[in-house]
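See below for the structure under consideration.
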Amino acid sequence: MKPPARPNVRSVDVALNDSLLTALTAVVGSDRLLTAADDLIPYSFDGTAAIRVRPGAVVFPLTTDEVAACVRAAAEAGVPIVTRGSGTGLSGGSVAAPEALVLCLARMNRILEVDAENLTMRAQAGAVTMKIDEAAARHGLLYPPDPGSMRISTIGGNVAENSGGLRGLKYGVTRDYVMALEVVLADGRITRFGSACVKDVAGYSLKDLFVGSEGTLGIITEVLIKLVPKPAARRTMLALFDTMESAASAVSAIIAAKIIPCTLEFLDRTTASCVEDYAKVGLPTDCEAVLLMETDGHPAAVADEAERMAAIAAAQGAREVRTAKDDAEATNLASARRNAFSALARRRPTTILEDVTVPRNRLAEMVTFIAETAARHHLQVGTFGHMGDGNLHPTFLTDERDEAEMARVHHALDEIVTKTLEVGGTITGEHGVGLAKKPWLRQQMGDHSYELMREVKRALDPKGLLNPGKIFD
Amino acid sequence: MANVTLKTIDYAILQQCMHCGMCLPTCPTYDETTHERNSPRGRIALMRAIADGDLEVNRTFADEMSYCLGCLACETACPAGVQYGKLFETARADIERSGINDNLSRDFWRTLTLKILFQRPSLLRAAGAGLRVYQRTGLESLVRRLGLTRLLPPSLRRVEPQSPPIAPKFSNALIRPTEVPTGTPRFRVALLTGCVQDLVFSDINRDTADALLANGCVVETPPVQPCCGSLHAHNGETKLAEALARRMIDLFPPAKYDAIISNAGGCGSHLRHYGPLLADDPAYRERAQAWDRKLRDVHEWLVQIGARAPTASPFESPVSLTYHESCHLVHGQKITKQPRQLLRMIPGVTLTELPEASWCCGSAGVYTITQPEQATKLQERKTANIIATKASCVATANPGCHLQVLRGLDAAGAKIEVAHPVSLLARAYRRETK
C-alpha cells in the first residue's frame, strides 16, 4: 500500500531558467551544479519525517565569494534560495522550497583556526560539529553543544537552528558559543557581525539575530565560536524508575538542590527498549523511566555531586542507580541516547517528533499529560528528552499511510502544544520552527511580536527569497 | 523472493528510512563526494521514487547502484534498523531485469562467471589451474612485458593484472573429506571451502580445519562444493542464488552438523540468510531456516565453543599485529569481537587497533573491476592506515579483502604480512609440538 497523495510534494517539470543556470555554472562550474531529477530527489528532504519537496537545482559553493555570487544570480532571477548543510534538521528548516535553488554548504567544511590562547575556533559553515569538538579536544578544549546528529551535522546548520544537545543543562545551546558570524545577505553583500572579544556591546547584537534565523535572513558562511577548557573529570549514572512522574520529580529535586549536572536525560520505556535494541549498551528495558545523569568538572566536585544526585534519585523512588564503569561506557551511553529519535523508527514506519519545552517545575505534569493524550487518541508514543532543560521529545510512532491515524496524531499534537503554552512553555526548545512548528508560532508569540518578526524579515529580505515559507508564510 | 522488485517489496521497508542522516558519515562513497545521491539515504530515496512510480530504473540509477560498495556500514550505523542490504540486492536485481546494463562484452563475462564458472566448481578449478599455468610458466610476465595485453578487449585488459595468484593445490588436495581430532570429538562441523578461498587461499581452508580439529571438532569437507551464491545475489541474479542455496543444503543437510562453518566474511554474510531466500519454496523452507541456525563464522564458532589458547607463538619473535574488518563480517554478520578475542589469545602477539578498521578496503566483490578508481582510493586509504599502526602483520578474514590489502601494501612497498586470524591460530597450534 502506498501513502495517500502527498500535498507537500511537488515535482518540478520546468528546470530553473537557463540564464540562471548559465550564471551559476559560471560561478561554480558544471560539476558543482545539480539539475537532473535523479540528483535532486535525494535533496528533497532533511531529517524531518513526512515532508518532501524537490528543489529546482542544487549548487555546492566552496567559498563565501561563491556563495555571494550564487545569491546575486538567484536574486536577479527572482529564484528562492534554501541553504542546507548535511540535511539533518528536525523541523523541516532545510527542506527545499518548490523550484528553489538549494545552496549546499557541506563542502565548505574547513576548520580555519583553533586559537588556544583566546579559546576560540574559526570554521567554515559546513564544518561537521563532531570534527569541531575533536579539533578542540586536541588542544584540551571542549565545544559543548552536542546535538543528536553531531557526527554529521554542520556548524552552520547548528547556528541557523540554534541547536541544543545533551549538555545544554550546564553549558547552554549553540547561541551561547557564537562570538562572530560571516553572513551573506539577501542581495549578496558579505557582512560580519560580532568579534573575538569576550565583551562587545557595540551597537545592536545583530549576530544574535542570525542565530536561530533558519536561513530566512541571510546565509551563514563562517563562524567564530567560543571553546571552554575540557573538564578534568566526569561521572555518568543511570537511575531506574518505576514511574515517569518519579523520574520527573527526581529532576526537579536535583535542580532545586542547586546542583547543575551537565546532563539529565530521560527515556521512557518504549524509547529505552528501541535504543537498547539498536545500541546494545545495557540500558534497562524493564522500567518505566531511565534517567541518564552526568556531572563533569573538578574531580572532587564531580564525586560530591554524583553522590548527592544518586541520593536524591533514590529518595525520589529510583529502583536502582548504576554508575558507568569507565569513560568508554559513559560515551557509549551518551551516543546511544543521541540516537533515540531514529531508534524509535524501529517500531513503526513514521515517527513524528515534538520538541516542547516547559518550565522545569511543570515537568511531571507535562509528562503525565503527554501519556494521557496519547492514550486518549489511541496512539503509540515514545517520550525522551533533556529533562534537566524541561525539553521533551514526545515522538508519535505512526504510519503516514494511515490517514485516520495521522489525523489523530495532529489532534494530539495540537493538545500537547496548547497545554505547553498554558504552562508557560515553548513550541520548540532546540529544533526550530521550520515547517513543522509553523502552525503554532503565532499562538505562542502573540500578534505584536509575530508581526515584528515579519517586519524584521521584510527589512532584511524584501523580495522574500531566503528560505521562503519557513517560520511563517 | 526471486520475484520481488522495488515496486512490489513491502513498502514499510522503504519507509523505515526516516532520512535522519546517521548513515552519512559511515558511507565511503558519500565521504568521497559529499553528494546525497551517493549516500545510503539518497539511494533509498531513489528506490522509493521508483516504488512510487516517480522515477524509472534508468542508466543513472544503475550507475549509482554500481557505485555503492554494498559494504553495509550504513546498516550498522542505522538506528532505525533499515535493511539496506535487502533493498540493495532488490535494486540490483531490478536493474538486471531492466536490461539497462546489457551489452555483448558484459553479457559474455557475466555469463562466463556467474552462470558458468561460479555454477560449476570443477570447471572453476580447471579455469583456476589454467590461470596458474599462465602465471607460473612466465607467460604472464612475457605477455605483460611485450605489451600484448593491449591486444585484449578493454574489459579484459582491466581485469588481467588483477587476476589473483592461484594456489598450487586446491582445498580438496589439502583436506580429507572427513578428519577427526585426536582425543574425544566434541562436535561435528561442516567446512565450507568457498570459491576464491579455494582457488587462491586453499591454505586458509587447511588452517581452518586444523584450528577446528585442535578444538575437538570432527571436520567434514566434501571435496567438490558449489558456490554459495553470494556473488549472484549481490549482483542481481536472485534465481541463480536460490538454485545454489538448494544445492548447498542438499550437500550439507543441516541436521547432520552441530555447525556449518564459513571462514570468508563475504560468503558468511550471504550464507546466514538462506531462510529468507528460500522462504517461498515449501520443499526447502524449513531446512533453509535450520541451515541459518547452524551457520557460523569460524571465529564466532571457536569463541562459542571456548577455543583453547595456544601455548606457542606463530612467530619467531614478538609481533605487533593489527586487524582489518571485512565489511560483511562486521556489518553483514556483526562479528567484531570474536576475531580480536582469538588474536589476543595468541602468545607473542600484540594487537594494535587499526584506525578506521571497519571502513571498506574497496575490494567489495567485483568492485575493483566495476569501479577501479574508487576501489583504488579506498585501498590507498586502508594501506596508509595499516602502515601507520607500524604493525608487521595485518589479519583479515575475507579473501577479497586479503587480496586487496596485499596488493595495496605491495604497491606501497610495505613489507607487512597479511594473514587470516585462523591461520595465525593454526600456525600457533602447530608450533606447540615443535
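For the reader, a short list of remarks on this structure follows.
- Screening the candidates A:ASP187, A:ASP200, A:ASP208 for the property of being among the acidic types (Asp, Glu), more than 16 Å from A:ASP461 (Cβ to Cβ) and outside any helix (DSSP H, G or I) yields one hit, A:ASP200.
- Any chance B:GLU353 is among the acidic types (Asp, Glu) and assigned by TED's automatic domain parsing to the domain that holds B:GLU242: no
- Conditions (1) more than 17 Å from A:SER94 (Cα to Cα); (2) not in a helix (DSSP H, G or I); number of the one not met by A:LEU20: (2)
- Scan of region A:92-111 for residues that are crowded, with 24+ Cβ neighbours inside 10 Å, within 13 Å of chain B (Cβ to nearest Cβ), at negative phi and of a type in the set (Gly, Ala, Ser), ordered by number: A:SER94, A:ALA96
- Enumeration of residues in region A:56-72 that are in contact with a helix residue (DSSP H, G or I) (Cβ under 6 Å, 6 or more places away or on another chain) and within 14 Å of chain B (Cβ to nearest Cβ): A:VAL58, A:VAL59, A:PHE60, A:PRO61
- Answer from B:PRO40, B:PRO28 - the residue that is within 18 Å of A:ASP46 (Cα to Cα) and more than 9 Å from every other protein chain (Cβ to nearest Cβ): B:PRO40
- Odd one out for A:ASP304, checked against (1) acidic (Asp, Glu); (2) without any contact (Cβ under 8 Å) to a residue 60 or more places away in the chain; (3) assigned to a strand (DSSP E or B): (3)
- Tally, over region A:337-375, of residues that are at the interface with chain B (Cβ under 10 Å from one of its Cβ atoms) and in contact with an Asp or Glu (Cβ under 8 Å, 6 or more places away or on another chain): 6
- Tally, over region A:298-319, of residues that are farther than 16 Å from A:LEU166 by Cβ and buried (at least 17 other Cβ atoms within 10 Å of the Cβ): 8
- Hey, B:VAL189 out of contact with any His (no Cβ under 6 Å at 6 or more places or on another chain) and surrounded by 20 or more Cβ atoms within 10 Å (Cβ to Cβ) or not: yes
- Some residue of region A:351-361 being surrounded by fewer than 23 Cβ atoms within 10 Å (Cβ to Cβ) and modelled with pLDDT under 90: yes
- Number of the condition not met by B:ASP94 [criteria: (1) among the acidic types (Asp, Glu); (2) buried (at least 22 other Cβ atoms within 10 Å of the Cβ); (3) assigned to a loop (DSSP other than H, G, I, E, B)]: (3)
- Single match in A:ALA116, A:ALA127, A:ALA75 (criterion: out of contact with any Gly (no Cβ under 6 Å at 6 or more places or on another chain) and either free of Cβ contacts under 8 Å to residues at least 12 places away in the same chain or within 14 Å of chain B (Cβ to nearest Cβ) (or both)): A:ALA127
- Taken as a whole, the condition of being surrounded by fewer than 19 Cβ atoms within 10 Å (Cβ to Cβ), facing chain A (nearest Cβ under 9 Å), in contact with an Asp or Glu (Cβ under 9 Å, 6 or more places away or on another chain) and farther than 26 Å from A:ARG32 by Cβ applies to B:GLY81.
- Close Cβ contacts (under 6 Å, 6 or more residues apart or on different chains) running from residues in region A:398-419 that are within 14 Å of chain B (Cβ to nearest Cβ) to residues that are of a type in the set (Lys, Arg) and not in a helix (DSSP H, G or I) comprise A:THR398/A:ARG348; A:ASP399/A:ARG348.
- Number of residues in region B:45-58 that are assigned to a helix (DSSP H, G or I) and either more than 9 Å from chain A (Cβ to nearest Cβ) or small (Gly, Ala, Ser) (or both) equals 5.
- Hey, A:ARG175 in a strand (DSSP E or B) and surrounded by fewer than 18 Cβ atoms within 10 Å (Cβ to Cβ) or not: no
- Residue in region A:184-206 that is closer than 29 Å to B:ASP31 by Cα and either crowded, with 21+ Cβ neighbours inside 10 Å or among the hydrophobic types (A, V, I, L, M, F, W, C) (or both) present: yes
- Candidate set from region A:34-43 (those that are buried (at least 19 other Cβ atoms within 10 Å of the Cβ) and more than 7 Å from chain B (Cβ to nearest Cβ)); member that is nearest to the chain's Cα centre (by Cα): A:LEU40
- Filter pass, B:THR33 being modelled with pLDDT of 95 or more, surrounded by fewer than 17 Cβ atoms within 10 Å (Cβ to Cβ) and out of contact with any helix residue (DSSP H, G or I) (no Cβ under 8 Å at 6 or more places or on another chain): yes
- Selected residue (criterion: surrounded by the fewest Cβ atoms within 10 Å (Cβ to Cβ)) from residues of region B:12-25 that are part of a helix (DSSP H, G or I) and at the interface with another protein chain (Cβ under 7 Å from one of its Cβ atoms): B:ALA12
- Residue count, region B:116-136 (criterion: part of a helix (DSSP H, G or I) and within 19 Å of the chain's Cα centre (by Cα)): 5
- B:ARG136 farther than 21 Å from A:ASP38 by Cα, touching a Pro at 6+ places or on another chain (Cβ under 9 Å), more than 14 Å from chain A (Cβ to nearest Cβ) and of a type outside the set (Gly, Ala, Ser): yes
- Region B:377-414, subset under 25 Å from B:GLY365 (Cα atoms) and among the basic types (Lys, Arg), residue surrounded by the fewest Cβ atoms within 10 Å (Cβ to Cβ): B:LYS377
- Restricting attention to region A:137-155, the residues that are more than 14 Å from chain B (Cβ to nearest Cβ) and either surrounded by 24 or more Cβ atoms within 10 Å (Cβ to Cβ) or in a loop (DSSP other than H, G, I, E, B) (or both) add up to 8.
- If you check A:GLU422, A:GLU400 for being surrounded by fewer than 21 Cβ atoms within 10 Å (Cβ to Cβ), touching a Pro at 6+ places or on another chain (Cβ under 8 Å) and within 25 Å of A:ASP473 (Cα to Cα), only one passes: A:GLU400.
The values are calculated or read from the model by the stated rules, or taken from the named source; none is laboratory data. Remember, it's a predicted structure, so these values are computed and weren't measured experimentally. Neighbour counts are summed over all protein chains in view; Cβ atoms, including those assigned to glycine, are modelled from backbone coordinates with ideal geometry.
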